[in-house]
Amino acid sequence: MANVLILGGGFGGVVAAERLAKTLAPEHQITLVSRSSRFVFHPALVRLAFGKCEVEDISYDLREAMLDRRVRFIEATAARVNPFESEVTLTGGDIVGDIKYDYLIYALGRRLATEQVRGFFEHAHHLLGVGAAQKFGEAARQFRVGHAVIGSCPGSRLEVPVYETAFALARQLEERGDAARITIVSPEYPSEHPGGADLARALRPALAAHHIEHLADFPIAEVTAEAVVSGDGREVEYDLLMLVPPFEGASALASTGLTDEGGYVRVDHTMRVLGAERMYAIGDAVYFSGPKMGHMAVRQAEVAAENLVAEIEGREPSARYKHEIALVVDEGGKDTVYLHKSLWEEGGKMVGRGRFWSWAKRAHEKYFRAQHS
Ligand SMILES: Cc1cc2nc3c(=O)[nH]c(=O)nc-3n(C[C@H](O)[C@H](O)[C@H](O)COP(=O)(O)OP(=O)(O)OC[C@H]3O[C@@H](n4cnc5c(N)ncnc54)[C@H](O)[C@@H]3O)c2cc1C
């Protein structure tokens, strides 16, 4: 009997657990550890902030959902992973202490490294969690005049909620007849990161229609009570501020030598961790280039689960992950944009625009919830 341990109850961990439960012979044990027993559908957090849905619509209880699928769920924090002893140290939850595994899937996502930007914690809103999104939403509702700055810090690897927040705020202001300014701030030029130029080009008409300005090449180094400050000392004043903070890999693998300088785990295209035995890593936690997105975590989870089952059954892991962007930026109407682009191969690009994509994004959210909760 193999004892399979999955760390992290986000997109990657949940999909991996479900795939394994379906395909692994019943004598093997599957355990999912996560520090929260609720799964939150992150792409809906902008809609939550703007009062378009409730917390219950975008989250569900993992312990219950896993019980139905013969997966043991442990609510705890994985403080340290020792892949050379096949051991994980758990703290603060159902179990405190070391637990052993035969196979590990590491899906702890990324850490918000707010400490990298001075003043972020004190002055900036973000919306990368339920509480933070609700708090920002409240501030956005109070905002009627002045300048809203919405943006990303250097090292943040997520553009979709930046654009969606700007559009949602613009629509809210338009509906109330308020005349405030909105500026999107990005740390680099769109062409400097994978898929960025295509997305910026596709969104240009919608930004213009909502009078949203875009300030590129503004790497935020500091946030004061009145302004964001770039590394070279330029300042932009704000009255409302929402920033995606810098990301880093989770710290549980620190000092194992298995991560790059950002703390992200090095894996091959079968999702096996380079330099460790019987260990896979998936999702935001891995070191692939480009944005960090849920659909990538899902596909990587499927690949890892398939290969892990092969390993347990004595076959060579042969499923391979292909790195692609597939995203929808929901403008709330006809200017919603869909981008699909291969990141490891030439060609294979598709850009779509229209109300259909807004509907499709919400339908996907409902489908995901129905399938997994
Ligand atoms: C506002 C917002 C909008 C987004 N929009 C989109 C979108 O439109 N399309 C898209 O594809 N993606 C989108 N994303 C990105 C997507 O949500 C992530 O890429 C995806 O959640 C990554 O999945 P994951 O499983 O790797 O990590 P996560 O979903 O972050 O899951 C990690 C899990 O590990 C748990 N955990 C972390 N540390 C520990 C620890 N030490 N011990 C135990 N448990 C721990 C966490 O509680 C969490 O359950 C968005 C994200 C946000 C925040």
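The values are calculated or read from the model by the stated rules, or taken from the named source; none is laboratory data. Remember, predicted model here, so these are calculated numbers, not experimental data. All Cβ positions, glycine included, derive from the backbone under ideal geometry; neighbour counts span all protein chains shown. Remember, those area values only see protein heavy atoms, side chains included, never the ligands or the DNA or RNA. Shrake-Rupley method; radii C 1.70, N 1.55, O 1.52, S 1.80 Å.
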Margin query: Taking 2.2 N^0.38 Å as the expected size of a compact globular protein, what ratio does the Cα radius of gyration of region 209-366 give against it, to two decimals?
Written below: 1.32
Check: With charges only on Cβ, +1 for K and R and -1 for D and E, what is the dipole size of region 240-324 about its Cα centre, in debye, rounded to 20?
Finding: 100 debye
Note to self: Suppose we look only past 20 Å in the calculated P(r) of region 1-137. What percent of the Cα-Cα pairs does that tail hold?
What the structure shows: 53 percent
Notebook entry, point to check: When you take every Cα atom in the chain, what is the radius of gyration, and what is Dmax, the widest Cα pair distance, in Å?
Noted result: 20.9, 65
Check: Can you give the convex hull volume per residue for the Cα atoms of region 293-363, as a whole number of Å³?
Finding: 90 Å³
Checklist line | Given charges at beta-carbon only (K, R positive; D, E negative), |dipole| of region 187-297 in Debye | finding: 660 debye
Note to self: Out of all Cα-Cα pairs in region 187-301, roughly what percent, to the nearest whole number, are more than 23 Å apart?
What the structure shows: 49 percent
Margin query: Given a Förster distance of 45 Å, report the FRET efficiency between Ala197 and Ala132 from their Cβ-Cβ distance, rounded to the nearest 0.05.
Written below: 0.95
Check: Looking only at Cα atoms, what is the convex hull volume of region 47-102 per residue, in Å³?
Finding: 129 Å³
Check: Based on the Cα gyration tensor of region 1-68, what are the three equivalent ellipsoid semi-axes, each the root of five times an eigenvalue, rounded to whole Å and given largest first?
Finding: 29, 10, 10
Check: Mean separation of Cα pairs under 8 Å and 6+ residues apart, divided by the residue count of region 130-215: what relative contact order is that in percent?
Finding: 32 percent
Notebook entry, point to check: What is the Cα radius of gyration of region 181-229 over 2.2 N^0.38 Å, N being its residue count?
Noted result: 1.26
Margin query: Report the Cα-based extents of region 254-334 along its three principal axes, largest first, to the nearest Å.
Written below: 51, 31, 14
Notebook entry, point to check: Carbon-plus-sulfur fraction of the accessible area of the chain, 1.4 Å probe, in percent?
Noted result: 49 percent
Next item on the list: With a point put 7 Å past each Cα toward its Cβ, work out how far Ile95 is from Glu235 in nm, to one decimal.
Entry: 5.3 nm
Check: Mind ordering 225-234, 152-161 by average Cβ neighbours within 10 Å, highest first?
Finding: 152-161, 225-234
Notebook entry, point to check: Say the dipole of region 255-373 comes from +1 at the beta carbon of Lys and Arg and -1 at that of Asp and Glu; which of Gly354, Gly294, Tyr338 then lies farthest toward its positive end?
Noted result: Gly354
Next item on the list: Sorted from largest down, give the three principal axis spans of the alpha carbons of region 240-281, whole angstrom values.
Entry: 48, 23, 14
Item checked: Percent breakdown of C-alpha pair distances by 5 Å bin, ordered from the shortest bin, for region 96-253 -> 2, 8, 17, 20, 19, 14, 8, 4, 3, 3, 1, 0, 0
Next item on the list: Provide the convex hull volume over Cα atoms per residue for region 32-73, in Å³.
Entry: 67 Å³
Notebook entry, point to check: What are the lysines whose alpha-carbon lies under 16 Å from the alpha-carbon of Lys135, with same-chain residues fewer than 8 places away excluded?
Noted result: Lys52
Next item on the list: With just the Cα atoms of region 63-181, tell me how far they stretch along each of the three principal axes, in Å, largest first.
Entry: 59, 37, 22
Check: Ala319 versus Ser373, label points 7 Å from Cα toward the beta carbon: distance in nm?
Finding: 2.5 nm
Check: Where in region 89-118 does the label zone of Ser255 land, with the point 7 angstrom along Cα→C-beta and an amide N cut-off under 19 Å?
Finding: 89-91, 97-99
Note to self: For the ranges 69-76, 191-198, 3-10, what's the packing order if you count other beta-carbon atoms within 10 Å of each residue, average per peptide, and put the highest first?
What the structure shows: 3-10, 69-76, 191-198
